Structures are given as structure tokens and as C-alpha cells.
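Mind having a look at this structure? Questions to follow.
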Amino acid sequence: MSSIHTRLQKKLEERSQKGNLRSLRVNEAGIDFCSNDYLGLSRLEDIAEVDEQKIGGSSRLISGTSQIHLDTEKELATKYNHAGALIFNSGYAANCGLFSSLGLKDVVFLYDERAHASIKDGLRLSFAKSFSFLHNNLNDLERLLKKFTGHTTFVVVESLYSIDGDFAPLLQIGKLLEQYDAELIVDEAHTGGLFGDQGYCEEIQLPLTPFARIITFGKAYGSAGACVLSSKIVIDFLINFSRPFIYTTALSKNQVKDIQRKVLHLKLTDRQVKLKENIAYFREKAKEMTIISDKYSPIQSLLIPTNLAARQEELKIQKNGFDVKAILSPTVPEGRECIRISLHSFNTKLEIDQLIEQL
């Protein structure tokens, strides 16, 4: 075995010994308390017809752009109250594409320490300086804002954090940023589709207009892809400088049609109401448990420190027919391991009762 293979094998063995070796598996037919399909839209039948006009197999700047792409982006901008929108192939690509290109040499990014890996990877690819602040800690954020007064500064948060299941204090953050003349970027990956028609920022009536928002279509919307919402200048800048956008094969016309159908045309109110009812029901039943998540979040995480304990709990519950997922270090800090439970509009009260018994 060559030296590089020896080194790689050693790192895999180290992870295995710690109990956090990742592997791919086909989900069995367990009751879904695991996926991000919060409203059950991925269960809708796919669009039957296949567009015969040749499109795809190329990047958007070569031959991958159709009128459907442009029309959909225009409608998305209107829906979410921004001047422009740009579709990316995934939320990961959208974050990498936005932050890597926006991060010019004189820019400073301040990001929540529990921001998604795609945000952190995009920042690492940029020329900007970036600094983390303690999770949802306004005092620590203000400390950094004071330090970088006079710089072009962006504060980067998620509306709902995907592991702990807690919301960013956006109203308080907005007041801070107005005071220090900084810009806000919000990743709405886990709130898009769940709150009203226009997203979480509008739901809470955030007075400060974010510099940019990221809406992901592969979670509550049950489709694929994502979009960056911002000004027309920013969208044009991304088209010219965002490498994950420029050098990626475009989503097909049928994929964009699915986005149109599920994001722009479906009425989601009934599903949203049912999901909120299920969240409230779960919280009432689980009130004696160590749940670290916000009571209004579709993500409900049960703290079970150590990889071994969390993995054992996961396997026990899965064996009894419930699809849940243990979140292990290093994805989370040691001592913050948990069972991550995703609630959906299609889960029944009986299923929730049975899950609580397992927990």
C-alpha cells in the first residue's frame, strides 16, 4: 500500500474507533422522522411530461439557460421581495458561490460558529477575512462589529439552525447591524416554505432588508436546487464571478418546472398548519426530555452526549421501525451529540406517540 493510502486508512480507522465513521446506506421503510421533507412535497408525483426541446448538458453561460430558467428567477425574486434571484444546483453550491465570490480582499465576514459547512467552505474559498462569533450571542457579535467598524462587513446567519433546531435572533441582530452599518445575509434553508408565503424574514417582519438570502428547494419544498436573492447588481456579479455557478451544468428544464410547481404555484397553508400542530403535539409529549430545540422548530434534537450513546440510541430506535438520525462529533462539538428528530406535516399523532415511547 502506498504511503498516501496508508495515511488515509489510518484516518478512517481513527474515526471508526471514535464511533463516527460515515457510510452510505439505503433508508429502510421506517417511519420518517429523519428527512428534511417537512411538508411532504417530495411525495408528490413528478411531472410526467418530458420536454423534448434539447436543453441541459451545459452550463448556464453556454447553452444551459432557457426562458423557463429566466422566468422562474424573475418570479422567485418577486415572490421573496428582492430585485433579483439566481438559481443554483443546490444550497451547498449557492452558499459556496455567494461567499467565495463576494469575499473581496477588503471585506470582513462575521458568521455564527454553528453556520452550515457550505457557508464555512464558501468563506474559505474567498479572499475576505472571516471570524466566527458565539452561537446566537449578541454580545460576542457586537464585540466583533466594534472591532471592524469602518470595514465592509457582512454578518452571516441561518434563520433556523439544522442541528440544534433553534432560530437566529434576527430582530435583535438587525438592530445591531443598523447601529454598526453592517450588512446581513440569511440562509433560509430550513425555513423556506414553512413560514407564510415569503419566508421567515417576512414572517417576523424583519425591518432590515437582508443584503442577500438563500432559499433551498430540496427541503420543505421537496424539489431540488436553491436560489440566491439579492439586488440586480449582486446577481449580475454572481453570473460573472461565481465559479460554482459559471462552471456547473445547469438544472434541466424539467427540474426548473418542478421548482415552479412546488415553490411558486402550490398552496402550502394547510400543510404548514398541520406541521405546526405536530410540532406542538411532540413538544407536549416530550416535555420531560432534554430537548435543546426551539418549541416552534420542525427540528427537535434530543441531547445524548458521546458518540457511543447517541449511536446506540439511534440503532435501537431504527430497529423498532423509526427512521431517526444521530448527529455525532465532529459534526457537532463533543458533548453536544444528539438524536435529531425531523417532524413533518404527514406524521400522525399515533406515530409521534410511538416515537416518544421509543425515546
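Values in this text are rule-based calculations from the coordinates and carry no lab data. Keep in mind the model is a prediction, meaning the values are calculated, not measured. Heads up, the Cβs are rebuilt from the backbone with ideal geometry, glycines too, and the neighbour counts pull from every protein chain shown.
Could you pull out every residue, at least 5 positions away or on a different chain, whose amide H is within less than 5 Å of the one on Cys338? Hs are placed 1.01 Å off N in the peptide plane, and Pro or chain starts have none.
Close amide H contacts, sequence-distant or interchain: Ile304, Ile327.
Cut-off 10 angstrom, C-alpha nodes, Gaussian network model of the chain. Which of His135, His116, His190 fluctuates the most?
Greatest mean-square fluctuation among the candidates belongs to His135.
Now a separate question. Using DSSP, restrict attention to beta bridges with both residues in the chain and report what percent are antiparallel, rounded to the nearest 5.
Working: 20 of 40 bridges.
Approximately 50 percent, going by the DSSP bridge assignments.
Obtain the nm distance between the two label points defined at Tyr247 and Ser58 by a simple spin-label model: each point lies 7 Å from its Cα along the Cα-to-C-beta direction.
The two pseudo-label positions are separated by 2.0 nm.
Check which residues have an amide H placed less than 5 Å from Ile31's amide H, if you skip close sequence neighbours.
Residues meeting the criterion, in which the H sits 1.01 Å from N, are Phe322, Asp323.
Based on the Cβ-Cβ distance from Leu308 to Glu277, what FRET efficiency comes out when R0 is 30 Å, to the nearest 0.05?
Values: r = 35 Å, r/R0 = 1.18.
Efficiency at R0 = 30 Å is approximately 0.25.
Another question, then. Build a GNM of the chain with springs between Cα atoms under 10 Å: which of Arg271, Arg261, Arg22 gets the top mean-square fluctuation?
Arg22
Between Arg261 and Asp121, what length in nm is gained on full extension when 0.36 nm per residue of separation is reduced by their alpha carbon distance?
Values: separation 140, 0.36 × 140 = 50.40 nm, distance 3.10 nm.
Working it through step by step, the gained length comes to 47.3 nm.
Another one. Using alpha-carbon positions, what is the distance between the centroids of the stretch 228-263 and the stretch 124-182, in Å?
26 Å
So between Gln67 and Asp270, what do we pick up on full extension, going 0.36 nm a residue minus the alpha carbon distance? Numbers along the way, then the final one.
Values: separation 203, 0.36 × 203 = 73.08 nm, distance 3.16 nm.
Taking Gln67 through Asp270 to full extension adds about 69.9 nm, to one decimal.
Please report the net charge: other residues with Cβ closer than 14 Å to the Cβ of Ile4, K and R +1, D and E -1.
Values: positive: Arg7, Lys10, Lys11; negative: none.
For residues surrounding Ile4, the net value is +3.
How much net charge surrounds Asp270 when only the other residues with a Cβ under 12 Å from the Cβ of Asp270 are counted, with Lys and Arg +1 and Asp and Glu -1? All intermediate terms of the calculation are to be shown ahead of the outcome.
Values: positive: Lys267, Arg271, Lys274, Lys276; negative: Glu277.
Charge balance near Asp270 sits at +3.
In nm, to one decimal, how far is the modelled label at Lys295 from the one at Leu315, with both set 7 Å along Cα→Cβ?
About 3.6 nm, to one decimal.
Assuming 0.36 nm per residue, please report the length gained on full extension of the stretch Lys18 to Lys129 beyond their Cα-Cα distance.
Numbers: separation 111, 0.36 × 111 = 39.96 nm, distance 3.29 nm.
Extra length available between Lys18 and Lys129 comes to 36.7 nm.
Here is a follow-up. Fewest first, what order do Tyr80, Tyr221 take by the number of other Cβ atoms within 10 Å?
Lowest to highest Cβ neighbour count: Tyr80, Tyr221.
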